[in-house]
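Chemist: Got a structure for you, questions after.
The values are calculated or read from the model by the stated rules, or taken from the named source; none is laboratory data. Everything quoted here is computed from the prediction, not taken from an experiment. Backbone-built Cβ (ideal geometry, glycine too); neighbour counts: all protein chains shown. Quick note on the areas: whole protein, heavy atoms, side chains included, nothing else; ligands and nucleic acids left out. Shrake-Rupley method; radii C 1.70, N 1.55, O 1.52, S 1.80 Å.
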Amino acid sequence: QVQLVESGGGLVQPGGSLRLSCAASGSIFSIYTMGWYRQAPGNQRELVATITSGGYTNIGDSVKGRFTISRDNAKNTVYLQMNSLKPEDTAVYYCNAKYTATNYWGQGTQVTVSS
């Protein structure tokens with residue numbers, strides 16, 4: 001079992017930055033592919049970014065060039081650095097841990113981009 005707890009969401013103005021954190025506990029963090037997904041009202045959950053155990057990253061097209069994902073295996077934490085935020089980035093952001101067929105999700109953290 002893996003428990004995931006997201007933090008760092010909030011209200012930010014367009015063009016601003018936020019850093020989300022996801023702290024994991026309960027299993028061997030380093031073996032998991034970690035990811036961030038988001039879901040806006042009325043929309044399906046979409047991929048934001050993932051990072052493998054080896055550090056390979058995959059960034060969603062809608063955030064490429066603005067968001068970066070990183071992980072600190074010593075702290076069992078994955079981060080999402082979000083820059084140049086836009087109103088369309090407003091969503092609940094979910095942390096995900098995946099290993100083979102096993103998937104874990106956090107509770108989500110709200111990010112609102114508005115002036």
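Let's see how each residue does on (1) of a type in the set (Val, Ile, Thr); (2) touching a residue at least 24 places away in the same chain (Cβ under 8 Å):
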{"residue": "Val2", "(1), (2)": "yes, yes"}
{"residue": "Val5", "(1), (2)": "yes, yes"}
{"residue": "Leu11", "(1), (2)": "no, yes"}
{"residue": "Ile59", "(1), (2)": "yes, no"}
{"residue": "Leu85", "(1), (2)": "no, yes"}
{"residue": "Tyr99", "(1), (2)": "no, yes"}
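Chemist: Mind checking whether some residue in segment 42-50 is assigned to a strand (DSSP E or B), surrounded by fewer than 17 Cβ atoms within 10 Å (Cβ to Cβ) and not acidic (Asp, Glu)? Step through it out loud before you land on a result.
Modeler: So the first thing to find is which residues in segment 42-50 are assigned to a strand (DSSP E or B), and the list is 46-50.
Applying the additional criterion that residues be surrounded by fewer than 17 Cβ atoms within 10 Å (Cβ to Cβ) yields 46-47.
Add one more test, that the residue is not acidic (Asp, Glu), and what stays is 47.
Yes, segment 42-50 contains at least one residue that is assigned to a strand (DSSP E or B), surrounded by fewer than 17 Cβ atoms within 10 Å (Cβ to Cβ) and not acidic (Asp, Glu).
Chemist: List, please: which pairs have Cβ atoms under 6 Å, are six or more places apart or on different chains, and start with a residue in segment 70-82 that is in contact (Cβ under 8 Å) with a residue 60 or more places away in the chain and end with one that is in a strand (DSSP E or B) and surrounded by 19 or more Cβ atoms within 10 Å (Cβ to Cβ)?
Modeler: Final answer for the pair search is Leu80/Leu20; Leu80/Trp36; Leu80/Ile69; Met82/Leu18; Met82/Phe67.
For every residue, the table says whether it meets (1) more than 11 Å from the chain's Cα centre (by Cα); (2) among the hydrophobic types (A, V, I, L, M, F, W, C); (3) at pLDDT 95 or above.
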{"site": "Gly26", "(1), (2), (3)": "yes, no, no"}
{"site": "Gly42", "(1), (2), (3)": "yes, no, no"}
{"site": "Leu47", "(1), (2), (3)": "no, yes, yes"}
{"site": "Gly54", "(1), (2), (3)": "yes, no, no"}
{"site": "Thr68", "(1), (2), (3)": "no, no, yes"}
{"site": "Tyr79", "(1), (2), (3)": "no, no, yes"}
{"site": "Asp89", "(1), (2), (3)": "yes, no, yes"}
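Chemist: Sticking with this structure for a sec: Yes or no: segment 31-50 includes at least one residue that is in contact with a strand residue (DSSP E or B) (Cβ under 9 Å, 6 or more places away or on another chain), within 17 Å of Val5 (Cβ to Cβ) and among the hydrophobic types (A, V, I, L, M, F, W, C).
Modeler: Yes - at least one qualifying residue is present in segment 31-50.
Chemist: Now a separate question. What pairs can you find where one residue is in segment 15-43 and on the phi < 0 side of the Ramachandran plot and in contact (Cβ under 8 Å) with a residue 12 or more places away in the chain, the other is among the basic types (Lys, Arg) and open to solvent by less than 50 Å² (accessible area, probe 1.4 Å), and their Cβ atoms are less than 6 Å apart, with a gap of 6+ or different chains?
Modeler: Note: pairs meeting the criteria are Met34/Arg71.
Chemist: Go through Tyr104, Tyr37, Tyr79, Tyr94 for me and flag whichever is open to solvent by less than 60 Å² (accessible area, probe 1.4 Å), farther than 26 Å from Ser115 by Cα, of a type in the set (Phe, Trp, Tyr) and not in a loop (DSSP other than H, G, I, E, B). Break it down stepwise before answering.
Modeler: On the way: Tyr37 fails: farther than 26 Å from Ser115 by Cα; Tyr79 fails: farther than 26 Å from Ser115 by Cα; Tyr94 fails: farther than 26 Å from Ser115 by Cα.
Tyr104 is the lone residue from the list that is open to solvent by less than 60 Å² (accessible area, probe 1.4 Å), farther than 26 Å from Ser115 by Cα, of a type in the set (Phe, Trp, Tyr) and not in a loop (DSSP other than H, G, I, E, B).
Chemist: Among (1) surrounded by fewer than 18 Cβ atoms within 10 Å (Cβ to Cβ); (2) in contact (Cβ under 8 Å) with a residue 60 or more places away in the chain, there is one condition Thr109 misses while meeting the rest; what is its number?
Modeler: (1)
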